[in-house]
Amino acid sequence: MKIATVLTALAAAASGYTILDAENFSTAIMDGYWLVKYYSPTCPWSRKFAPVWEKVYSDLEDKLTENDVFFAEVDCKANRAVCDAAIIDGYPTVVFYNQGVNKGEVPGGQSYEALTGFAQRI
C-alpha cells in the first residue's frame, strides 16, 4: 500500500469524516467504530438521505470523535468492489464497523432518530 494512501486515511479519520474507496477502505476502518454510508449518486433515495446523514454527522461530530466513532461514505458507483464485498444490495445503506469488522446494518438506519440514537449508544 502506498504511504500517501495510509497518511490520507489517517488524516481523514482524525477529522471524523472519511471518503472511502478501494485504496483506503481496509486501512481506514481498522481502528475505532465506524458508521459507513453506502450510496449511489444516481439513486434518488441516496440523494434524499444525504441531508439527513449530513445533519447526523454535524450534530454529533465533536462528541463522537472523542469516543473513536467516525463517519464515512462509499460511492458504490465508483467503488463497486468495496460495496460488493460488504454485500450492499440497496442504497442508501448504513453499516456499523467495530475495529474493521462488519457488524451489520444500523437498524432503521435512514432516519435521523435511529442514526443519532445508535451512534450515541456506541
Under the Cβ-under-4.7 Å rule, which cysteines of the chain stay unpaired?
43
What is the sum of charges around residue 17, taking Lys and Arg as +1, Asp and Glu as -1, for the other residues whose C-beta is under 10 Å from the C-beta of residue 17?
-3
How big is the charge dipole of the chain about its Cα centre, in debye rounded to the nearest 20, if each Lys and Arg gets +1 on its Cβ and each Asp and Glu gets -1 on its Cβ?
240
Rounded to the nearest 20 Debye, what is the dipole magnitude of segment 49-100 about its Cα centre when Lys and Arg each give +1 and Asp and Glu each give -1 at the C-beta?
200
Find which of 52, 90, 120 sits farthest along the positive direction of the dipole of the chain, computed with +1 on the beta-carbon of Lys and Arg, -1 on that of Asp and Glu, about the Cα centre.
90
Contour minus end-to-end for residue 50 and residue 26, with contour as 0.36 nm per residue of separation and end-to-end as the Cα-Cα distance?
6.3 nm
Sequence ranges 91-97, 18-24, ranked by mean other-Cβ count within 10 angstrom, highest first:
91-97, 18-24
Using a basic spin-label model with each label point 7 Å from the Cα along Cα→Cβ, how many nm lie between residue 43 and residue 81?
2.1
Note on the chain: helices (DSSP H) long enough, at least 30 Å by alpha carbon along their axis, and hydrophobic enough, mean Kyte-Doolittle at least -1.0, are 44-66
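Rule-based calculations on the coordinates, nothing more; no lab input. Quick caveat, the model's predicted, so the values are computed rather than measured. Here the Cβ is made from the backbone with ideal geometry for all residues, glycine too, and neighbour counts use every protein chain on show.
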